[in-house]
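A short write-up of the structure that comes next.
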Amino acid sequence: MATSRIRGGLRLNAHKERSTQHALRPASAVDSLVLPLDQHAGVPALPLVKAGDHVTLGQPIAEPGGEISAWLHSPASGTVAAIEPRPAPHRMGAPALSIVIANDRRDERYSAASPASFEQQSPEQLRETIGRGGIVGLGGAVFPTAAKLRSAADTSGLRLLLNGAECEPYISCDDMLMRERARDIVFGARVLLHALPAQTCVIAIEDDTPQTATALRSSIAEAHDERIRLREVATLYPAGGEKQLITTIFGVEVPHDGLPADVSTMCLNVGTAAAVAQWIRDAQPLTSRIVTVTGDGVLEQRNLDVPLGTPMAALIYDCGGYTGRMSRLIMGGSMMGQALPHDQLPVIKATNCIVAASALDLQPRGPEMPCIRCGNCSAVCPAILLPQQLHWYALARDLPALETYGLMDCIECGCCDYVCPSQIPLAERFRDMKPALSEQLTARASADAARTRFDARTARLERVERERDAVLARKRQELARKS
Amino acid sequence: MLPAVLTMVGLAAAAGFAAALAARRSQREQTRLIDEIDALLPQTQCGRCTFTGCRPYATALANGEADINQCPPGGHATAAALAKLLGREPRPVDPRFGSVPVRPLVAWIDESACIGCVKCIQACPVDAIVGASKFMHTVIAAQCTGCELCIPPCPVDCIVMRPAPT
Amino acid sequence: MPFATAPAPHVVAPSSVGRVMRQVLYALVPTVALHVVFFGPGLLIQLALGIATALLCEAAALRLRGKPLPPFLLDGSAIITAVLLALCLPPLAPWWLVVSGVAFAILLAKHLFGGLGANPFNPAMVGYAVLLVSFPARLLQWLPPHVAGIQPADLSLLETLTTILTGSPPARLTWDAITSPTPLDALRTDLALGMTMGEAHARAMFSTFGGKGWEWINLATLAGGGWLLARRIIRWHIPVAMLGTLFVCASIMSAADPGAYAGPLFHLTSGASLLGAFFIATDPVSAATSDRGRLIYGAGIGVLTYVIRTWGGYPDGVAFAVLIMNLAVPLIDRYTIPRIYGHAR
């Protein structure tokens, strides 16, 4: 029985009123765009251009580097200024190999052959076509969408879930998308239903924005597609977490060692669906995305349609500049966003929001006290963990105990952190311990594989010896008979 | 006085007898213990512990015929885990059995020197070397456990240990 | 322009250990107030002595352990230990009783095990248990309540102070004239003497449910506990499990033999039942971890409280029940790990 709210979670102030007051508008053009080649999950893309090449808007400039990789397209027309390491936001400012494009501001578009109508393509062809648009998961995980669709290709009874439950405070880019471009989302849903293939689609949103519900409902009605339904979920953080949303909508749990496809579900962000629509219907590959610029540290709070590669400093300037209270620059939301060391970093496919946070936005931690075992943390944990116990064992670096208590199942939402009276930085501790545990689990998996090979070899040698003994015994018998 | 003393002594004796009975492990429990010990070992199958593989070492540990600090590839973490499982005093790995590798190592065959004699292929306990007589031999790095058993048999000394690829 | 960075989450609730402890102290104010109304100002002097001892011992222990004094000294945990212990002691108990009890609780039951968050046993109950076992007679010298129908010997504030500080009553009175057993103690003695429940309840100190005066104090404790529940400082599992089990045990036994066993409402409003349910057993550090574990923990305390009260050697069983269940917490925790999302049942 599908429930309508997640387990645990927090009721947080969404801080979205100011950034959703203005209509979406494109960001102002900038002179230089920096595109890291590894801005998607999986293998970095390989450049197709070199320094000095002329490029047009939408031209493919990098191709997938492996099975799980993505295309990259130029977000502007101009010249390739360089292909060199540049500070990247997803590496906290450390350099990543990037294609730097000098924008000639002419917006010359790349002319590509008009694709066949999506209904005429087979699911396999359509998946490949989607991949060529450079589409990746725009909810933040930036997993190459074509690879994700391929992984569920042979699942029967697949259901599509479009995640519009934008639960983290400050982020409102999906909300604006759903209000202003609901048609794109619905079209994208229809394309994805054909590409998976799947028979039903649920678009899930939180229940605190009636405007959004209305916009989506009318677009769904317009499309006359009964396969697509809208569902509202209780506004709680983190209702929009993939696993939590699947459980809320469909009442099943994603196995800890499996994927949503194991419970016949494919979950994609509404932004991804809209990007699919723009590519399949309008031949416009993924070259821009909606970014929320918000926080008390910036003058004007709003959502902008930003070409990839635009420096974040330019977005702030576009929104009136910093206020005197600016303190911390966060890429993402207030609960899971990453604090950036400076603003000369480019917008990438994963950049859903920039929070220019001031003291009013931040509620920093007090001094850390010992854990008093109050249990607030386990009451709010959406993954049904005991963060208290994970904390004790993380202090002791007891990896087997951390495994038993489910450290790898932690979704790092930060709810436990939020409610801890002892102000313990729990999410950070767990993030720190995960690599060590992951390494140990990998070592155990390869030891198990080695044991299997060793046992197989021992069995083979024994068999060879037995067969040899049998042959020799037969020979002895024959000789005995003859003599 | 005397009845009280006799009762206490009797109870203590009964408890001690029951404890001694419980301490004797059944055959099935013994096998399970060997499995549990084997699960903690790194399956390098190198023989540095003086036993012919990881499972014989596990069996010896279960029978109390070996100590917990004899496995260099497992490192101090494995020694500590074995000590915890068997209720023995934790100790670091004894350097007489070998040095604990700082990082994982895999074997690498210098193909320019290889003569195709298959001696290393026969020696590898996990079949991680590909090749045949008079054909090139090569180590599948992902399957090499770093046991170094292939190095002594090579007549042209063309195998070295290198850091495992990440 | 460069910015300082910090790990996510960037907002946390403005909570602190001190805040939590302070709310618990506020919730105890009604209890303390009514206690003073019915039994005189002795409790206030005990509180003063207890809190002073607690802070001194806490400061000394923190120094010895090399820990900074702020924020630990004023986080409120030591004060709560002192307040709970003082509430369990007779109002005219000699000064050295509360001082030694609190010192034992803070130094041995708390800091010896690692300080805040590391004590396996409830420190206030350890202190109380030590005093009860060492000075049983002193701990049963309670006062009669200031209610209609009972004429307690009225001690002035000065007389109260001198009694506590010297350990002997004022010249004009003897101990017998001043003191009186608690309802639980009286019931126990009377039943042992062969009286029935009805006869024992005929004493002036009893009213409808429990003892006169004690009912009101317990009501105040219930109100305080309810407030803590509403503010989510404590969760419902331990109080409900403990009181529920106590209620059930008492109901069963008193239904079977009303003459020999006190009814459930008496048990719930006597002794430290409500104080224990909302303030003592809910001490998070020594309680079980998961919700299911807490239900088992609370139920265990309820059962043991009833058993010790009815068949054990002491009139009130809450302290020992809590300590015994503290012992069981690691075992309870081991078997009540909740099923993690995505794992098989």
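The values are calculated or read from the model by the stated rules, or taken from the named source; none is laboratory data. Only a predicted model underlies this, so the values are computations on that prediction, with no experimental measurement involved. With ideal geometry, Cβ positions are generated from the backbone for all residues, glycine too; neighbour counts draw on all protein chains shown. Heavy atoms of the whole protein, side chains included, go into the accessibility calculation; ligands, DNA and RNA do not. Shrake-Rupley method; radii C 1.70, N 1.55, O 1.52, S 1.80 Å.
Quick one: in segment C:1-110, what % of C-alpha pairs are over 18 Å apart? Cα-Cα pairs of segment C:1-110 separated by over 18 Å account for 57 percent. Largest GNM mean-square fluctuation across C:173, C:132, C:112, computed for chain C with C-alpha springs under 10 Å, falls on C:173. R0 = 51 Å: FRET efficiency of residue A:476 with residue A:452, Cβ-based, nearest 0.05? Calculated value: 0.90. Comparing mean-square fluctuations of B:99, B:133, B:112 from a GNM of chain B with C-alpha springs under 10 Å, the top value falls on B:112.
Positive-end ranking of B:95, C:45, A:120 along the dipole of the protein assembly as shown, with charges on Cβ about the Cα centre, is headed by B:95.
Taking loop as defined by DSSP and a crowding limit of 11 other beta carbons within 10 Å, which trypsin sites (Lys or Arg not before Pro) in segment C:284-341 fit?
Numbers: sites: C:292, C:294, C:309, C:334, C:339; in loops: C:339.
Taking segment C:284-341 and a limit of 11 other Cβ atoms within 10 Å, the loop trypsin sites (Lys or Arg not before Pro) found are C:339.
Using a 1.4 Å probe on the protein heavy atoms, what percent of the accessible area of segment C:1-46 belongs to carbon and sulfur? Roughly 74 percent of what the probe reaches on segment C:1-46 is carbon or sulfur.
Each semi-axis of the equivalent ellipsoid for chain C is √(5λ) with λ an eigenvalue of the Cα gyration tensor; in descending order they amount to 35, 27, 17 Å. Scaling the Cα radius of gyration of chain A by the globular reference 2.2 N^0.38 Å produces a ratio of 1.14. With all protein chains kept in place, the per residue accessible area of segment B:11-135 amounts to 57 square angstrom at a probe of 1.4 angstrom.
How much of the pair distance distribution for segment C:184-296 lies past 24 Å, counting alpha-carbon pairs only, in percent?
That tail contains 32 percent of the Cα-Cα pairs.
Bridges between two residues of chain A, per DSSP, are antiparallel at a rate of about 60%.
Excluding the sites themselves, what is the longest stretch of chain A that contains no GluC sites (Glu not before Pro) in a DSSP loop with at most 10 other C-beta atoms within 10 Å? Intermediate values should be presented prior to the final figure.
Working: sites that count: A:17, A:67, A:226.
The reported range is A:227-483.
How about segment A:4-70: which trypsin sites (Lys or Arg not before Pro) there lie in a loop by DSSP and see at most 11 other Cβ atoms within 10 Å? Let's see the in-between values first.
Details: sites: A:5, A:7, A:11, A:16, A:18, A:50; in loops: A:5, A:7, A:11, A:16, A:18, A:50.
Hits after loop and neighbour filter: A:11, A:50.
By accessible area, using a 1.4 Å probe on protein heavy atoms only, segment C:162-226 has 65% of its surface on carbon and sulfur. Here segment A:41-159 has 51 percent of its accessible surface on carbon and sulfur atoms, given a 1.4 Å probe and all protein chains in place.
When you look at the Cβ of every residue in A:453-460, what mean number of other chain Cβ atoms sits within 10 Å?
Numbers: counts 9, 12, 4, 2, 6, 4, 0, 1.
Mean number of neighbouring Cβ atoms from other chains: 5.
Using a 1.4 angstrom probe on protein heavy atoms only, the contact between C and A buries about 4200 square angstrom of accessible area, both sides summed. In plain terms, the bigger the Kirkwood radius, the slower the diffusion; for segment C:239-345, with that radius from Cα pairs, at 37 °C and 0.692 mPa s, Stokes-Einstein puts D at 231 µm²/s. Using the alpha-carbon positions of segment A:357-477, Rg (one decimal) and Dmax (whole number) come out as 25.7, 95 Å.
Of the Cα atoms belonging to segment B:94-151, the radius of gyration and Dmax stand at 12.6, 41 Å.
To the nearest hundred square angstrom, how large is the accessible surface buried between B and A, total for both chains, probe 1.4 angstrom? All intermediate terms of the calculation are to be shown ahead of the outcome.
On the way: alone 10300 and 22720 Å², together 32040 Å².
Buried: approximately 1000 Å² between A and B.
Principal semi-axes of the equivalent ellipsoid, √(5λ) from the alpha carbon gyration tensor of segment C:223-276, are 26, 11, 6 Å from largest down. Helical runs assigned H by DSSP (4 residues or longer) give chain A a calculated mean residue ellipticity at 222 nm of -11000 deg cm²/dmol, each run adding -39500 (n - 2.57) before division by the residue total.
By DSSP, what percent of the beta bridges with both residues in the protein assembly as shown are antiparallel, rounded to the nearest 5? Write out the running numbers ahead of the final one.
Details: 48 of 72 bridges.
Around 65 percent of the beta bridges assigned by DSSP in the protein assembly as shown are antiparallel ones.
Which whole number gives the average count of other chain Cβ atoms within 10 Å of the Cβ atoms across peptide A:321-328?
On the way: counts 0, 1, 0, 0, 0, 2, 2, 5.
For peptide A:321-328, the averaged partner shielding equals 1.
The lysines within cross-link reach of residue C:110, meaning a Cα-to-Cα straight distance under 20 Å and a gap of 8 or more places when in the same chain, are C:67. When +1 charges are put on Lys and Arg Cβ atoms and -1 charges on Asp and Glu Cβ atoms, the dipole computed for segment A:386-461 relative to its Cα centre reaches about 500 debye.
Hey, what's segment A:326-411 come to in accessible area per residue, 1.4 Å probe, Å²? List each step's numbers first, then the result.
Numbers: 2690 Å² over 86 residues.
About 31 Å² of surface per residue is accessible.
Here segment A:137-274 is treated as a sphere whose radius is the Kirkwood value from Cα pairs; by Stokes-Einstein at 20 °C and 1.002 mPa s it diffuses with a coefficient of 145 µm²/s. Over the C-alpha trace of the protein assembly as shown, radius of gyration and Dmax come out as 36.4, 129 angstrom. Scanning chain B for cysteines with no neighbouring cysteine C-beta under 4.7 angstrom from their C-beta gives B:49, B:54, B:71, B:114, B:117, B:124, B:144, B:154, B:158.
Cut-off 10 angstrom, C-alpha nodes, Gaussian network model of chain B. Which of B:78, B:52, B:44 fluctuates the most? Comparing B:78, B:52, B:44 in a Gaussian network model of chain B, the most mobile one is B:52. Measuring only protein heavy atoms, the 1.4 Å probe finds residue A:201 accessible over about 0 Å².
Mind checking the mean number of beta-carbon atoms from other chains within 10 Å of the Cβ atoms in A:416-423?
The per-residue average across the peptide is 6.
For segment B:13-67, the alpha carbon convex hull comes to 81 Å³ per residue, rounded to a whole number. Is segment A:104-183 best put as rounded, prolate or oblate by its Cα gyration tensor, with a ≥ b ≥ c the root eigenvalues, rounded for a/c under 1.5, and otherwise prolate when a/b is larger than b/c, oblate when not? It comes out oblate by the Cα gyration axes. Backbone amide hydrogens, once placed in the peptide plane, bring residue A:200 within less than 5 Å of A:160, excluding anything fewer than 5 places away on its chain.
Solvent exposure of chain C amounts to 41 Å² per residue of accessible area, where only protein heavy atoms count and the probe is 1.4 Å.
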